[in-house]
Ligand SMILES: Cc1cc2nc3c(=O)[nH]c(=O)nc-3n(C[C@H](O)[C@H](O)[C@H](O)COP(=O)(O)OP(=O)(O)OC[C@H]3O[C@@H](n4cnc5c(N)ncnc54)[C@H](O)[C@@H]3O)c2cc1C
């Protein structure tokens with residue numbers, strides 16, 4: 001069941017009020033000409049129309065019907081082809097693409113909202129253009145001019161799709177042990193052999209060509225991640241005039257039968273001496289792929305918020321309409337046999353938790369998108385460098401914390417419906433199944449946590465962290481006199497102190513305890529995420545407290561206060577768990593994990 005409405009007001013609030021996007025755009029020549037407030041609002045409203053009217057109605061059937069495989073061909077669910085065509089005709093595929101190659105050059109802050117709307121409407125559908133956008137970004141950043149000219153325009157227009165081929169049966173989190181091989185050919189191209197699994201959109205019937213970005217090893221390359229190169233492997237090779245030529249031997253062996261996102265084809269891809277073209281330099285493939293993966297990782301966080309927003313909208317409506325039981329403070333609907341679910345504190349807690357995580361997450365992804373825009377468009381080297389460091393630090397948090405909270409939110413949305421949430425009719429169980437993958441792919445959330453704590457915090461002795469923490473401290477200081485904000489800034493200051501202390505403790509203990517980082521990482525990321533959302537809520541409260549007479553701002557303050565009172569305290573549990581160290585995790589001998597021993 002779909003009655004999704006894009007949260008336009010919240011998106012406009014973040015763009016225009018919290019993050020002053022226009023001011024930022026005005027001082028960046030590459031976007032100043034392209035966009036202003038009215039254009040941004042018009043783009044959002046067109047995106048809202050497409051996603052709610054065209055894509056969202058397909059979501060239920062895409063789950064029932066799924067993508068299907070026959071003799072190497074994949075058929076997407078009914079209606080995906082027409083919706084995809086409309087998506088492409090509207091230019092959405094190239095929204096933030098490079099204008100030199102037919103993209104529209106729009107900022108990420110704006111694009112991230114369109115992504116969220118598309119994910120809310122249907123994760124299965126959204127994945128097809130999402131992978132193409134990520135592949136285009138990697139090519140735009142690392143490919144030669146000739147390669148960009150060959151592929152980008154058709155990828156931005158949606159005529160061709162892109163994929164990301166990393167995973168192999170025995171190489172998932174540890175890509176260093178991959179075995180896909182790229183043998184050099186006389187004409188300077190390569191022959192790629194091997195099997196990649198779980199490839200999203202590896203085969204489909206939406207586009208006339210598919211441009212696979214494939215990681216593989218050239219014989220003689222160094223062992224491990226430093227010996228991986230990136231190749232473009234088109235499904236159809238191109239003739240000299242750019243028209244489609246011979247079929248390249250890259251084929252879809254089967255598709256997976258999965259828990260959710262059934263309309264998204266997850267493919268086993270076989271490369272049988274398929275012709276590939278090296279992107280950039282040899283052995284730098286994993287670095288290049290990180291351009292795509294970082295894009296996708298923020299996109300996963302946005303995917304989570306998108307699904308959880310859909311879940312919230314339905315759950316809030318249901319909780320108001322469904323009557324069960326009476327309020328503890330006296331009858332509220334005397335004309336009815338029972339009061340609405342919304343009178344019950346526990347139902348309110350579920351809805352407020354969802355909303356606090358959704359709006360906190362949307363604000364956080366916009367904050368990270370703003371840093372990405374600074375990296376891409378700013379002329380100020382110092383500002384760019386700082387933004388780069390913030391992106392590096394915050395990307396794993398956006399991926400993992402946003403999706404963890406989204407999964408919790410979708411489960412809560414299902415719970416608001418009681419038994420009706422468990423049956424197919426209302427769409428809540430599909431959201432739970434669909435959103436679960438966001439915690440797993442693009443590097444599991446456990447791997448994100450190790451990236452945050454191991455690489456981004458401990459390995460550089462908290463340098464990136466210092467930058468972020470100083471920004472939060474400055475915000476607290478600048479608002480110290482604002483009594484109306486004290487309910488936000490004081491708990492934020494306390495959470496910041498706790499994070500600083502626990503970071504120091506981990507940095508100290510890990511030199512003696514080599515399992516300390518691994519033992520602390522997921523709790524650390526959760527505490528870090530809570531601190532970040534508290535900062536986001538404080539920023540949103542700052543822009544709302546003067547205007548508390550309007551419903552929108554009033555709701556912001558109510559939800560923000562709920563976050564501070566009922567969700568931020570979770571930080572203490574995570575810190576206690578970290579303080580317990582690695583002993584209780586590592587003490588039990590390996591053999592005792594298996595009951596047969
Ligand atoms: C629906 C779907 C779509 C996908 N789409 C794509 C795609 O388009 N392209 C692509 O290349 N891949 C894709 N993937 C693959 C996905 O990215 C991987 O499944 C994921 O990265 C995890 O790898 P794995 O499954 O091999 O798990 P493993 O790496 O075997 O991990 C298993 C568990 O062990 C943990 N673990 C592993 N190593 C460590 C470590 N060093 N320290 C601590 N914990 C560890 C993990 O966190 C996880 O919980 C997709 C997967 C699915 C299911």
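Worth pointing out:
- Of 474, 460, all but one fail to be more than 16 Å from the ligand (Cβ to nearest atom) and assigned to a helix (DSSP H, G or I); the exception is 474.
- Residues being within 11 Å of the ligand (Cβ to nearest atom) and assigned to a loop (DSSP other than H, G, I, E, B) - total across segment 181-218: 2
- Residue in segment 430-449 that is more than 16 Å from the ligand (Cβ to nearest atom), surrounded by fewer than 18 Cβ atoms within 10 Å (Cβ to Cβ) and assigned to a loop (DSSP other than H, G, I, E, B) present: no
- For segment 255-296, residues that are at positive phi and within 14 Å of the ligand (Cβ to nearest atom) total 1.
- Test for residue 147: is it on the phi < 0 side of the Ramachandran plot, surrounded by 24 or more Cβ atoms within 10 Å (Cβ to Cβ), touching a helix residue (DSSP H, G or I) at 6+ places or on another chain (Cβ under 8 Å) and part of a helix (DSSP H, G or I): no
- Any hit, segment 162-178, residues being closer than 16 Å to residue 213 by Cα, away from the ligand (no atom under 12 Å from the Cβ) and touching a helix residue (DSSP H, G or I) at 6+ places or on another chain (Cβ under 9 Å): no
- Selection within segment 211-237 - touching a helix residue (DSSP H, G or I) at 6+ places or on another chain (Cβ under 7 Å) and surrounded by 15 or more Cβ atoms within 10 Å (Cβ to Cβ): 211, 213, 215, 217, 221, 225, 228, 229, 230, 232
- All of (1) modelled with pLDDT of 95 or more; (2) assigned to a helix (DSSP H, G or I); (3) more than 22 Å from residue 451 (Cβ to Cβ); (4) touching a helix residue (DSSP H, G or I) at 6+ places or on another chain (Cβ under 8 Å) hold for residue 317 with one exception: (4).
- Here residue 288 meets the list (1) more than 28 Å from residue 69 (Cα to Cα); (2) in contact with a strand residue (DSSP E or B) (Cβ under 6 Å, 6 or more places away or on another chain); (3) at pLDDT 95 or above almost entirely, failing just condition (3).
- Residue list for segment 222-243, filter: more than 16 Å from residue 277 (Cα to Cα) and not in a loop (DSSP other than H, G, I, E, B): 224, 225, 226, 227
- Here residue 67 fits the description: touching a strand residue (DSSP E or B) at 6+ places or on another chain (Cβ under 8 Å) and either surrounded by 19 or more Cβ atoms within 10 Å (Cβ to Cβ) or without any contact (Cβ under 8 Å) to a residue 40 or more places away in the chain (or both).
The values are calculated or read from the model by the stated rules, or taken from the named source; none is laboratory data. Keep in mind that this is a model prediction, so the values were computed, not measured. Here the Cβ is made from the backbone with ideal geometry for all residues, glycine too, and neighbour counts use every protein chain on show.
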